[in-house]
Amino acid sequence: MPEKLLKQALEAIQAASTITALKEVEVKYLGRSGQITELLKTLKDLSPEEKRSKGQEIQKLKNGFTEAYTTRERYLQKAEIDAKLQAEFFDITLNQINPQRSLESGTIHPLSRLQREVEQIFAEMGFEIADGKEVESEYYNFEALNIPSHHPARDMQDTFFLDHPTDTKHGHLLLRTHTSPGQIRMMEKHGAPLRIIIPGRVFRYEATDATHDSTFNQVEGLFIDQGIGLAHLKGIMNEFLQRFFGDKEIKVRFRPGYFPFVEPGIEMDMLWKKGNQSKWLEVMGAGMVHPNVLKAGGLDPEKYQGWAFGFGLTRMAMLKYGIDDIRLIHSNDLRFLNQF
Ligand code: YSA
């Protein structure tokens with residue numbers, strides 16, 4: 001009887017072609033009411049001698065089953081992994097073998113290309129290009145820019161805080177909400193005079209729409225020296241816009257704006273054409289650097305003045321290329337990217 005059962009079980013194990021089917025065989029023979037389990041249950045009613053001989057027989061049967069099961073299980077696991085790898089296999093030489101398949105090559109993202117253009121233009125006007133930090137501290141992102149913790153301006157830039165032990169000296173770590181913390185770091189490091197731009201990504205915890213993204217690029221500018229006024233800023237911006245937009249017709253307006261880190265503050269809007277409608281789109285904040293910010297950067301406000309600006313490069317890209325939804329820029333949609 002056990003030999004017959006073992007033969008049947010081994011055949012069932014061999015016939016199982018998937019791990020799931022094999023598990024079903026295990027349940028059929030070794031499960032709570034499995035055929036081998038049932039045999040084991042009969043032992044309790046036998047005499048001690050019978051129990052010993054029958055017990056050994058059933059144990060042999062169980063061992064034979066387990067051995068065949070394990071071998072088959074290993075085989076099927078390997079086969080399943082091989083099949084998965086085969087399905088994912090990608091022949092990178094295929095394009096060379098078959099020239100009819102076009103070889104797609106990557107290109108520089110339009111936003112990176114625009115950033116390089118901006119760097120080039122400002123470098124030609126005597127500015128140095130500096131790098132800020134994407135992960136900043138509350139101190140550099142807010143406090144040193146004259147935005148103390150109780151200041152309502154903190155709510156204007158909803159912040160992604162990092163789940164990281166607090167740096168007690170500089171407050172919580174966060175993803176910078178603007179490129180302005182770079183101003184303080186550059187003043188601390190290089191002192192004055194200073195003529196720099198700091199391009200980079202910034203992050204805001206806010207709902208997205210056609211003109212707002214939660215990750216976007218800004219370009220910070222900082223010009224510190226003696227006898228500097230807002231007229232310089234207007235001259236530099238006009239020159240920059242002319243070179244950046246080339247022949248494209250643009251309309252710009254300046255208006256007063258409020259930022260705690262400047263006094264006075266201004267904002268710059270550009271006319272944005274969307275279909276046959278046009279509206280003013282805010283592209284830049286700027287102003288004369290606040291004396292408290294100069295002090296935080298280690299400079300003497302009696303001796304030095306300067307202006308700073310921060311414009312949205314992603315919004316400038318929309319205006320330059322006539323993009324009517326900012327979210328397309330980070331969408332990674334090839335139908336969009338291939339147009340550049
Ligand atoms: C102001 C004065 C200075 O002395 C220096 C810099 C600044 C700018 C300030 N740091 C700032 O971030 N101002 S801002 O919140 O108005 O953003 C500046 C520009 O970034 C905007 O004019 C806009 O062009 C762009 N921007 C803001 N939020 C955005 C955005 N672009 C895309 N998506 C968003 N959610």
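The values are calculated or read from the model by the stated rules, or taken from the named source; none is laboratory data. Remember, predicted model here, so these are calculated numbers, not experimental data. So basically every Cβ, Gly included, is an ideal-geometry build from the backbone, and we count neighbours across all protein chains shown. Ligands, DNA and RNA are excluded from the accessible area calculation, which covers all protein heavy atoms including side chains. Shrake-Rupley method; radii C 1.70, N 1.55, O 1.52, S 1.80 Å.
Values as computed for the structure displayed
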{"item": "Count - residues of the stretch 242-270 that are open to solvent by less than 50 Å² (accessible area, probe 1.4 Å) and under 17 Å from LYS320 (Cβ atoms)", "result": "6"}
{"item": "Every residue from the stretch 183-193 that is away from the ligand (no atom under 16 Å from the Cβ) and open to solvent by less than 40 Å² (accessible area, probe 1.4 Å)", "result": "GLY191"}
{"item": "Residue check, SER180 open to solvent by less than 70 Å² (accessible area, probe 1.4 Å), within 30 Å of ASN332 (Cα to Cα), polar (S, T, N, Q) and free of Cβ contacts under 8 Å to residues at least 24 places away in the same chain", "result": "no"}
{"item": "Residue within the stretch 153-163 that is closer than 27 Å to GLY229 by Cβ, in a helix (DSSP H, G or I), of a type in the set (Gly, Ala, Ser) and open to solvent by less than 30 Å² (accessible area, probe 1.4 Å) present", "result": "yes"}
{"item": "All strands (runs of 3 or more DSSP E) inside the stretch 213-275 with 2 or more residues being under 24 Å from HIS330 (Cβ atoms) and out of contact with any helix residue (DSSP H, G or I) (no Cβ under 8 Å at 6 or more places or on another chain)", "result": "262-274"}
{"item": "Residues of the stretch 235-247 classified as within 14 Å of the ligand (Cβ to nearest atom) and closer than 26 Å to ASP300 by Cβ, total", "result": "1"}
{"item": "Candidate set: the stretch 279-320, residues that are in contact with a helix residue (DSSP H, G or I) (Cβ under 7 Å, 6 or more places away or on another chain) and of a type in the set (Phe, Trp, Tyr); chosen: the one farthest from the ligand (Cβ to nearest atom)", "result": "TYR304"}
{"item": "Of all residues making up the stretch 228-281, the number that are farther than 23 Å from ILE196 by Cα, modelled with pLDDT under 95 and touching a Pro at 6+ places or on another chain (Cβ under 9 Å)", "result": "0"}
{"item": "Some residue of the stretch 329-338 being open to solvent by 10 Å² or more (accessible area, probe 1.4 Å), within 26 Å of PHE254 (Cα to Cα) and either assigned to a loop (DSSP other than H, G, I, E, B) or more than 9 Å from the ligand (Cβ to nearest atom) (or both)", "result": "no"}
{"item": "Pairs where the first residue, in the stretch 34-56, is closer than 14 Å to PRO2 by Cβ and the second is in a loop (DSSP other than H, G, I, E, B) and among the aliphatic types (A, V, I, L, M), C-beta under 7 Å, 6+ apart", "result": "LYS54/LEU46"}
